[in-house]
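Reading through the structure tokens given below for one structure.
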Amino acid sequence: ENKKIALVVKALGIGFFEAANKGAQEAAKELGDVEVIYTGPTTTTAEGQIEVINSLIAQKVDAIAVSTNDTDALVPALKKAMDRGIKVISWDSGVAKDGRLMHLNPSSSPLIGNMIIKLAADNLPEGGDVAVLSATATSTNQNTWIAEMKKVQGNYKGINVVATVYGDDLADKSYRETQGLIQSYPNLKAIIAPTSVGIVAAAQAVTDAGKIGQINVTGLGLPSEMAGHVKSGASKSFAIWNPIDLGYSATMVAYDLINGAEAKPGAELKMGRMGAVKLDDNNEGAMADPFVYDAKNVEEFAKIF
Amino acid sequence: MMANILRNRELLLVGAIAVLLALITWRFPPFVAPANLGRVYNDTSILIILALGQMAVILTRCIDLSMAANLALSGMVAAMLNAAFPGLPIPLIILAAVALGTLLGMINGALVWKLDIPPIVVTLGTLTIYRGLIFLLSGGKWINAHQMSDAFKALPRDELFGFPVLSWLSLVMIALVFLLMSRTALGRAFYAVGGNPHAAVYTGIDVGRTRFSAYCISGALAGLSGYLWVSRYAVAYVDIAAGFELDIIAACVIGGISIAGGIGTVAGAVLGALFLGVIKNALPVINISPFAQLAISGMVIIVAVAVNARAERRKGRVILRKAEAV
Amino acid sequence: MKPAIALEGISKSFPGVKALSDVSLALYPGSVTALIGENGAGKSTLVKILTGIYQPDEGTISVGDQEAHFPTALAAARAGVTAIHQETVLFDELSVAENIFLGHAPRNRFGLIDWKKLNADARALLSRAGADLDPTIRLRDLGIAKKHLVAIARALSIDAQVVIMDEPTAALSHKEIHELYALVERLKADGKAILFISHKFDEIFRIADRYTVFRDGTMVDEGLIADVSQDELVRLMVGRAVGSVYPKKDVAIGEPVLTVSGYRHPTEFEDINFELRRGEILGFYGLVGAGRSEFMQSLIGVTRPSAGAVRLDGEVLVIRSPSEAIRAGIVYVPEERGRQGAIIGLPIFQNVTLPSLSRTSRSGFLKLANEFALAREYTTRLDLRAASLDQDVGTLSGGNQQKVVIAKWLATKPKVIILDEPTKGIDIGSKAAVHAFMSELAAQGLSVIMVSSEIPEIMGMSDRVIVMREGRIAGRFERAELTAEKLVRAAAGIQEAA
Amino acid sequence: MAETHLTPRHIPDRLEGRSARLLKSWESLLLVVACLIFLGNSLASPYFLDPWNLSDATFNFTEKAMIAFAMALVIISGEIDLSVASIIALASTAMGYAVQLGFDTPALVVIGLSVGLLCGAINGLLITGLGLPSIVVTIGTMSLFRGLSFIILGDQAFTGYPDSFSWFGQGYVWWVFSFEFTLFVSLAVVYGVVLHKTNFGRAVYAIGNNQTAALFSGIRVARIKFILFLLTGLMAGLASICLTSRLGSTRPSIALGWELEVVTMVVLGGVNILGGSGTIPGVVLAALIMGMVTFGFGLLNVPGIVMSIFIGLLLISVIALPILWRRARQRLAH
Ligand SMILES: Nc1ncnc2c1ncn2[C@@H]1O[C@H](COP(=O)(O)OP(=O)(O)OP(=O)(O)O)[C@@H](O)[C@H]1O
Ligand SMILES: Nc1ncnc2c1ncn2[C@@H]1O[C@H](COP(=O)(O)OP(=O)(O)OP(=O)(O)O)[C@@H](O)[C@H]1O
Ligand SMILES: [Mg+2]
Ligand SMILES: [Mg+2]
């Protein structure tokens, strides 16, 4: 009997999650007795994810690995899943503690928070105004990263964060919000978009406004989507962890839990070729540092994800 | 006719927009710089084009809730065509988008015409169906900027006499729709069918066919906007312009187009769209919290209908001679 | 003589009704054919078939020597058939000129509408129809009679050989009616074939050359007007002799029931004072648009007067809504049946019981048996023709709808009933039934206000008459002193000849 | 029509018996559709016929259906309320705010319902008081109410609802019957009785068919419409309590897009969108159908958007089929 592991994503169709699914399928093949169900709502809503989770519970899957649209709203549904013997973990975007056995961070939040502001600062030796273009106002991971970023802001002299706007992970809204930023802050030097949708839209808006060279767009993005903008100069560099590895690791961790591993502070869970992850007091574990892409390496990775 | 075009409702809107601009200028003077106003217009162009189409439909006492979904589907197909055959000339792609949009409009129109299903039900149904089709067609995948050819992305941005093609296109559409509405039998039939469908039959106007034509127009304009949207924002995915149908309807309502059909002008639709466009563009620059935007547009819509309703309120026939003199 | 248009064996069914069966009719150039029949006899259906709005189930239409098909109103117009329909079918939001030319507007050489020519042509047509109107104003700013003239101008705008008029004088006042007669004469002289539908026998005998009588969707007789008498026509139409159309009973008139004093409204009426007594039928006469309906509606709380007082049985009454009026015992049978009277999507019995639900129900819960009983009682008394009480009112003929509407308000057992144009557009048999019922109610002690624009009806039924003109009372007459001339003079504001 | 006119004719009450009318009704068509879907689901997935799974599946529609009952009345009366989903958001936000201030479950319920009523009253006043078209007004209040939530919450979430509060969205009354499902059934009965068996319900139909004639017939049109908008507000408040309890948290984006699903449910239930006709049993069946479709497809891991295509097709075809059928019959008759 195959073990059924469900990979629940924020919404179907987003490149980042498609790549994660690739990794999950790779893990399934490696493990042999695992069937991965890749699913999610079609829009990024908590209600949609709950419906999906309810039907997974009904199918009696063995594990659910979810990247949530809402930290808290999924907790009751996931608790019910755990009550019925399903191993629940979250990855990428985390669920509140009660709703999962463990959370797999793609990287540690402080590292990411530091990374995104560092990317902006590295290209601004004299300092200047920077603005943040986030995803939805409710998305957990972006909010955490921005909070972490603000903590270390003081380390970067002259860097002045003037605004945070929300593009809701919609290309058009992000585009419009960027236009607003360019308007309102004539001295803007960089835009930090820690979201793969936002960064592309921001780069496009900067290009259309003829501000290449004046405003640098940076943040977190996918190489395949950003390659053009790196080439045009709208973005000098950006970072991301490898979503394939993330999907792979989430699947491996879920499998480990199905096989009886226990998720408790200090425990180490197996992640196949990625080694093992050690859980902290919150039952959270982090993978690795985000990786920086620039003109030198982006083409090469664009072929992969 | 001229008197009809500039009835006081339109003037009122012009006034409202002027007041709005004055308020914004007070907080953020650069907003009214000609270049920026041009940019705001450009940014509103797609909404204007869509509002023109919606207007045709609303005039006939129908409604098209599927316009945004139609836009998304046509846009996705245009983007997929471009991604698959980067060599395909752009005019051909635009033609394909418009043709597809028209076809989708025809489906709406045919359901309304031939089966007599209420328009709101038809377009509520096709709204979900068209969105779903995008998913089936694209497998849910995004088409990103790097998959689109440069020519594809360039067209709406290219400048002609200092204005982007996108702005010009919307001006051309306004002119065409204005001619259609005021000088052709079909345009007048829209007013007749919406004003009194029963009487339209007696006048020899085929009510169903007229509504069908209105849906074709809204479909074609949605198809065109599909290409423009996708190329302007350089991305195509299932959810583009999700919820935009309500903005389109709001633009029409603010522009004084009666939801009960038969009343409304091209100028009204354009001004309604511009009003929304100015608000949308201004809020971020005058530092109003992005979270307040939604509530503000809600208030604007409510105030606009209330004002329009006042302007609309029949004076009442005056029977007393004395009162008439007053 | 060869007919301009001929119908052979026409049949038309609607779900549950055979509106026309095997009807044949020919119209001749230069001749006026009157089409008469009870409500629901199928007259308007025939008109709609002739103008391409309905398609016949069977039968042929031939124009000249050729068989013709009219799939749309436009096709009929092209074949030279034009009509003034029973309902005014026009567009409030469009200009007068456009209402006249919609669908066949003059074009310029680019195929675009030529507004200048359109307005000029419209002006010419309007003056032919006897209306001097500015063609560029919006239709909604016109009174109902003027609108009807626009409809006539529209019919004239089509160069037709066949002109159909379905109750064209129902909404017109005295003066315009005479202009219409003149117009018919002119059209006749131009060699047009005219079909004229009317329930008014005086005008039929005045302008028609031929007659055709329909009964229950079949043609029962036709011939020359000169060869027939009015009684004969009525017998053919109804299938029996109609006794008196105005069966007014002599009733002992009692004490005042309703007293209205100082009623006024900023724009519609002012200085309305009168008393209504028990058992009395008080006629309200005036030209269409004199403000009678406005006043009556303010009496039952649809619109609010700016000043004035109402007493019912001596008690001061403040009425803010129709529901309060009904509870107080004042009911109003409105004039616009389609808009204000009948609820065409609901069955007959639900229409009848709607204002009386509190009586047929128990603590807010419906009791269907009671409803059917109440509906049966009143519809039977008004001689309603219907397949069942569960039938939608929309499927009834105009006259039968009117009976449902009257039944509905009578069923509330009022003290005062206001009937606004109660027999507008209903046939002579039904009219007699409504009048008889009205008279019986008065005899039972009910007080009746009857608003009517028909002089014979006013004179035949009223104990007293109040004439209104431009929102004011322009004359009061006792039954004994009534003459048609006095009424017309008061209504039109013409001074008594010295 | 062939009868003589000499004697008053006897008009029968009805031409068809109760069973004939029932058989021809929209509800029987829906019942067939519902049975087919039930059968299809049982065949397609081995997990479908499990009482607990079915019970879980009811959560897909119960909250929307509560609103759909009130919405059905509003639509029958010829109006529409597109602001319901935003009322949910605002009511939920208010409850979340109250939690921060330390209020307990009973107070939260009162707050949720009152905010719903208040929003309904605002809609009702604008529509009946100022005589504005409801579709436009509620498009406006839809933005306004949710916008207020956004202003209050911004990017925050309210959590920390008391444990006892979770019963509304997660509790069971008996065996597999959740509180929500029980509420759904009771409300169906209440609304069915109100619409079909009372004077109030009759007035709603009359208004939807001909508002002016209803007014002239002594029906207090404005008052009844106002009550209907209050009711949708109240139901949205109730749904907000259930949904918030089920999610255990409040975000301003809660219940986004539900208004269209509720309207779809009502229309699928055979309520004429133009007003004047429709029944509560129809809406109940439509709710069950939509719930089963969502759940059945979910069990097969079909993406939600494919389900919505299916619902869209269902909506159009269920309305088109009777029309086509009637036409075919007429053609055959000739
Ligand atoms: N659209 C329709 N649907 C169903 N029945 C109809 C329709 N139109 C007319 N009828 C029926 O056909 C019959 C003839 O109606 P028609 O309107 O032709 O009568 P009419 O002679 O013009 O009466 P009136 O003098 O009241 O105007 C009536 O029984 C009417 O109920
Ligand atoms: N311009 C108009 N447009 C539409 N309907 C009109 C217009 N003028 C009058 N009517 C309708 O015609 C009817 C007669 O007008 P009104 O009520 O003002 O005067 P009235 O004296 O009561 O008329 P009547 O003599 O017919 O009773 C009314 O029912 C009114 O609604
Ligand atoms: Mg008739
Ligand atoms: Mg009147």
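Read-outs: derived from the displayed coordinates by stated rules, not from any lab. Since this is a predicted model, take the numbers as computed values, not measurements. Cβ coordinates were reconstructed from backbone atoms using ideal geometry, including for glycine residues, and neighbour counts include every protein chain displayed.
With charges only on Cβ, +1 for K and R and -1 for D and E, what is the dipole size of chain A about its Cα centre, in debye, rounded to 20?
For this selection, approximately 240 debye.
Rounded to whole Å, give me the distance from the Cα center of the range A:191-260 to that of the range D:127-204.
Comparing the Cα centres of the range A:191-260 and the range D:127-204, I get a distance of 40 Å.
Counting only helical runs of four or more DSSP H residues, what would the 222 nm mean residue ellipticity of the protein assembly as shown come to if each run contributes -39,500 (n - 2.57) and the total is spread over all its residues? Intermediate results must be reported in sequence, preceding the final value.
Working: 57 runs with 760 residues, N = 1463.
Estimated from H runs of four or more residues: -16500 deg cm²/dmol.
With just the Cα atoms defining each centre, how far is the range D:97-114 from the range A:24-79? Give it in Å.
Comparing the Cα centres of the range D:97-114 and the range A:24-79, I get a distance of 32 Å.
Evaluate the relative contact order of chain A (contact order divided by residue number), counting alpha-carbon pairs under 8 angstrom at least 6 apart; express in whole percent.
20
Could you work out the local net charge near A:Ala193, counting Lys and Arg as +1, Asp and Glu as -1, over the other residues with Cβ closer than 13 Å to its Cβ?
Neighbour charge sum, excluding A:Ala193 itself: -3.
Would you mind pulling out the separation of the Cα centroids of the range B:254-298 and the range C:38-54, in Å?
48
Using a 10 angstrom cutoff on alpha carbons, build the Gaussian network for chain D and name the most mobile of D:Leu15, D:Leu39, D:Leu132.
Maximum fluctuation in the GNM of chain D, among the listed residues, is at D:Leu15.
Put a dot 7 Å past each Cα toward the Cβ at C:Ser13 and C:Lys175; how far apart are the dots in nm?
Roughly 5.1 nm, to one decimal.
Sort C:Phe365, C:Phe372, D:Phe179 so that the residue with the fewest other Cβ atoms within 10 Å of its own Cβ comes first and the one with the most comes last. Each step should come with its number before you reach the end.
Working: C:Phe365 13, C:Phe372 20, D:Phe179 17.
Starting with the residue having the fewest Cβ neighbours, the order is C:Phe365, D:Phe179, C:Phe372.
Lys/Arg Cβ at +1, Asp/Glu Cβ at -1, dipole of the protein assembly as shown taken about the Cα centre: which of C:His174, D:Ala107, A:Ala202 is farthest positive-ward?
Farthest along the dipole direction, towards plus: C:His174.
Looking at this model, which pairs from C:Lys146/C:Lys486; A:Lys22/A:Lys189; B:Lys280/D:Lys225; A:Lys173/B:Lys114; C:Lys147/C:Lys192 are more than 31 angstrom apart at the alpha-carbon?
A:Lys22/A:Lys189; B:Lys280/D:Lys225; A:Lys173/B:Lys114
If you fit an axis through the alpha-carbon atoms of helix A:46-58 and take the longest principal axis of the Cα set of chain A, what angle between them do you get, 0 to 90°, nearest 10?
Once rounded, the angle reads 20 degrees.
Modelled label-to-label distance, D:Leu260 and D:Ala20, 7 Å Cα→beta-carbon offset: nm?
Once both label points are built, they end up 4.3 nm from each other.
Sort D:Asp50, C:Asp250, B:Asp43 so that the residue with the fewest other Cβ atoms within 10 Å of its own Cβ comes first and the one with the most comes last.
By the 10 Å Cβ count, ascending: C:Asp250, D:Asp50, B:Asp43.
Assigning unit charges at the beta carbon (Lys, Arg +1; Asp, Glu -1) and nothing else, what dipole magnitude in debye, to the nearest 20, does the protein assembly as shown show about its Cα centre?
For the protein assembly as shown, the charge dipole is close to 1660 debye.
Can you give the three extents of the C-alpha atoms in chain C along their principal axes, from longest to shortest, in whole Å?
Largest first, chain C extends 70, 50, 46 Å along its Cα principal axes.
Normalising by the residue count of chain C, find the relative contact order in percent from Cα pairs under 8 Å and 6+ residues apart.
On the way: 1031 pairs, mean separation 76.9, N = 498.
Once divided by the residue count of chain C, the mean separation gives 15 percent.
Could you list D:Val137, B:Val19, A:Val217, D:Val293 in order of exposure, starting from the residue whose Cβ has the fewest other Cβ atoms within 10 Å?
Final ranking by Cβ density, sparse to dense: B:Val19, D:Val293, D:Val137, A:Val217.
What helices in chain D pass both tests, a Cα length along the helix axis of 20 Å or more and a mean Kyte hydropathy of 0.0 or higher, using whole DSSP H runs?
Both cut-offs are met by D:26-44, D:62-76, D:84-100, D:105-124, D:134-153, D:179-197, D:221-247, D:280-299, D:304-333.
Which of rounded, prolate, oblate describes chain A, given a ≥ b ≥ c as roots of the alpha-carbon gyration tensor eigenvalues and a/c under 1.5 marking rounded, otherwise prolate only if a/b is larger than b/c?
prolate
Under a Cβ-only charge scheme (Lys and Arg +1, Asp and Glu -1), can you give me the dipole magnitude of the range D:49-326 about the Cα centre, in debye to the nearest 20?
Taking the Cα centre of the range D:49-326 as origin, the dipole is about 780 debye.
Using alpha-carbon pairs under 8 Å, 6+ residues apart, how would you state the relative contact order of the range D:49-326 in percent?
This gives 35 percent for the range D:49-326.
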